[in-house]
């Protein structure tokens, strides 16, 4: 009976992963289509506006908004790949990494972004996933986490340049603070896992 339940559990986990990541991507695309059809880009004004009270709402809205379909396409594949790499670690971890990254990335933009600018896009989350997977290998020091970090470096190591202010019109602040947010999540979760592991050993 145990063996019969295992494929069903794996199927349920996969279904949850698909629904979660698919839900994010669906929201990205539906909002961009609605913005293009009915608002002619006006929804982009709901992004993070540095050091303005109204701009704080963009902390959670900005990841769902994109400047155009080219911008959205550029974010879709890395969000899907890196997001899946995170979510296979656990659905709870995915939500923690996403939440911590969104807050730290958004606040970083709000505090240090250029005045009279609006920051939008899912790149903060993407860099958060990247930072989490990379730095988890350092904090956790497990073979599994290190192997994931190596895979991420091979596939997306060039993203590290994105945290520098090298391109005009690109929110390097979102990239930098998203990466930092992912690192914070990696540290906190690795500490939590170590604590739980110690508790299990003591209990045994």
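The values are calculated or read from the model by the stated rules, or taken from the named source; none is laboratory data. Owing to the predicted nature of the structure, the values given are computational and were not obtained by experimental measurement. We place every Cβ from the backbone using ideal geometry, glycine too, and count neighbours over all the protein chains shown.
Taking every residue in the range 3-19 that is at negative phi and part of a helix (DSSP H, G or I) and pairing it with any residue that is exposed (fewer than 10 other Cβ atoms within 10 Å of the Cβ) and at pLDDT 85 or above, at least 6 positions away or on another chain, yields no pair with a Cβ-Cβ distance below 9 Å. Filtered by the rule that a residue be surrounded by 21 or more Cβ atoms within 10 Å (Cβ to Cβ) and out of contact with any strand residue (DSSP E or B) (no Cβ under 8 Å at 6 or more places or on another chain), the range 170-184 gives 175, 176, 177, 178, 179, 181, 182, 183. Checking 126, 154 one by one, the residue that is free of Cβ contacts under 8 Å to residues at least 60 places away in the same chain, more than 16 Å from the chain's Cα centre (by Cα) and either surrounded by 15 or more Cβ atoms within 10 Å (Cβ to Cβ) or in a helix (DSSP H, G or I) (or both) is 154 and no other. All conditions but one from (1) under 30 Å from residue 194 (Cβ atoms); (2) in a helix (DSSP H, G or I) apply to residue 74; the one that does not is (1).
Residues considered: 106, 162, 90. Of these, the only one that is surrounded by 24 or more Cβ atoms within 10 Å (Cβ to Cβ) and more than 11 Å from the chain's Cα centre (by Cα) is 106. Residues of the range 109-123 that are in a helix (DSSP H, G or I), out of contact with any strand residue (DSSP E or B) (no Cβ under 7 Å at 6 or more places or on another chain) and buried (at least 24 other Cβ atoms within 10 Å of the Cβ): 123 alone.
Going by the structure shown, is residue 167 assigned to a loop (DSSP other than H, G, I, E, B), without any contact (Cβ under 8 Å) to a residue 60 or more places away in the chain and surrounded by fewer than 19 Cβ atoms within 10 Å (Cβ to Cβ)? For residue 167, the condition - assigned to a loop (DSSP other than H, G, I, E, B), without any contact (Cβ under 8 Å) to a residue 60 or more places away in the chain and surrounded by fewer than 19 Cβ atoms within 10 Å (Cβ to Cβ) - is met.
Please verify whether residue 67 is farther than 22 Å from residue 156 by Cα and in a loop (DSSP other than H, G, I, E, B), treating the condition exactly as stated. Spelling it out, residue 67 is indeed farther than 22 Å from residue 156 by Cα and in a loop (DSSP other than H, G, I, E, B).
Yes/no per residue for (1) under 19 Å from residue 174 (Cα atoms); (2) modelled with pLDDT of 95 or more; (3) loosely packed, with under 14 Cβ neighbours inside 10 Å:
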{"site": "15", "(1), (2), (3)": "no, no, yes"}
{"site": "24", "(1), (2), (3)": "yes, yes, no"}
{"site": "29", "(1), (2), (3)": "no, yes, no"}
{"site": "38", "(1), (2), (3)": "no, yes, yes"}
{"site": "50", "(1), (2), (3)": "yes, yes, no"}
{"site": "55", "(1), (2), (3)": "yes, yes, no"}
{"site": "65", "(1), (2), (3)": "yes, yes, no"}
{"site": "79", "(1), (2), (3)": "yes, yes, no"}
